[in-house]
Amino acid sequence: MDAKLKKSALRGITYGLYLVGTKDESGLNAFVGNFLTQTSFEPPLVALAAKAGTRSQQQIASSGVFSVNVLESGQKDMVMAFFKSFETEDNKMAGFEFSTEETGCPIFKEALRYFECKVVDKIEKGDHFIYIGEVINAGVNREGEPLAMKETGFYYGG
Ligand SMILES: Cc1cc2nc3c(=O)[nH]c(=O)nc-3n(C[C@H](O)[C@H](O)[C@H](O)COP(=O)(O)O)c2cc1C
């Protein structure tokens with residue numbers, strides 16, 4: 001297989017870009033992720049791929065839960081705030097206010113919508129581990145157009 005063609009073909013997959021919230025005894029965390037898709041209506045399931053060995057992946061593995069924050073078109077600044085190391089205070093992460101609900105993972109006030117998942121299965125293959133999450137809680141903060149990865153100019157895939 002030609003590596004360039006493989007990269008180009010895989011970059012034809014279109015994505016959203018989300019803030020995924022995680023937790024463990026050491027505290028709360030959030031990372032920018034695009035490897036996410038719904039996989040079942042009933043029960044409502046999503047698949048998330050988390051980079052093996054990262055704090056986030058280890059937190060999902062140990063806590064068995066994660067949250068997904070759906071950002072609004074135009075919120076690239078919020079995405080970028082999570083690329084560098086950031087401060088977590090009582091109710092703010094990287095300066096963005098959050099609260100917790102069912103899972104204890106961060107839910108950002110400035111996100112458009114959110115849902116929380118309980119891990120019901122996993123596939124530890126490749127450099128990202130796949131977690132199948134059953135959606136156990138969901139909410140809508142306001143109406144708006146969800147952020148698409150394309151508009152940010154970022155790539156993660158290929
Ligand atoms: C555009 C973009 C998309 C990303 N998508 C994912 C993803 O789907 N899964 C993932 O584990 N990391 C993804 N990352 C990397 C994470 O944002 C993060 O850097 C990594 O998981 C380490 O985070 P941690 O050390 O806080 O756990 C992406 C990075 C960028 C720039």
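Just need the relative contact order of the chain here, percent rounded to a whole number, with Cα pairs under 8 Å and 6+ apart.
Values: 322 pairs, mean separation 45.6, N = 158.
Reported relative contact order: 29 percent.
Accessible area of segment 50-158 with a 1.4 Å probe: how many percent of it is carbon plus sulfur?
Working: 2790 of 5910 Å².
Using a 1.4 Å probe with all protein chains present, segment 50-158 comes out at 47 percent carbon and sulfur.
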- Task: Could you state the accessible area per residue of the chain in Å², with a 1.4 Å probe and every protein chain left in place?
- Result: 56
- In bins 10 Å wide, starting from 0, what share of all Cα pairs of segment 10-86 does each bin hold, as a percent? 17, 48, 31, 4
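With Rg and the Kirkwood Rh both taken from Cα atoms, where does Rg over Rh land for segment 18-152? Walk me through the numbers before you get to the answer.
Numbers: Rg = 13.7 Å, Rh = 14.8 Å.
Expressed as Rg/Rh, it is 0.93.
Taking the Cα centre of the chain as origin, work out the dipole magnitude from +1 charges on Lys and Arg Cβ and -1 charges on Asp and Glu Cβ, in debye rounded to 20. Don't jump to the answer; show the numbers that get you there.
Values: 17 positive and 21 negative charges, 157 e Å.
In debye, rounded to 20, the chain gives about 760.
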- Span from the segment 125-145 Cα centroid across to the segment 24-77 one, whole angstrom: 6
- Message: Ignoring everything except DSSP H segments at least 4 long, calculate the 222 nm mean residue ellipticity for the chain; use -39,500 (n - 2.57) per segment, divide by total residues, nearest 500.
- Response: -4000 deg cm²/dmol
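The values are calculated or read from the model by the stated rules, or taken from the named source; none is laboratory data. Note that the coordinates shown come from a computational prediction; the quantities given were computed from them, not determined experimentally. For neighbour counting, all protein chains shown are included, and Cβ atoms are generated from backbone atoms with ideal geometry for every residue, glycine included. Only protein heavy atoms, including side chains, enter the accessible area calculation; ligands, DNA and RNA are left aside. Shrake-Rupley method; radii C 1.70, N 1.55, O 1.52, S 1.80 Å.
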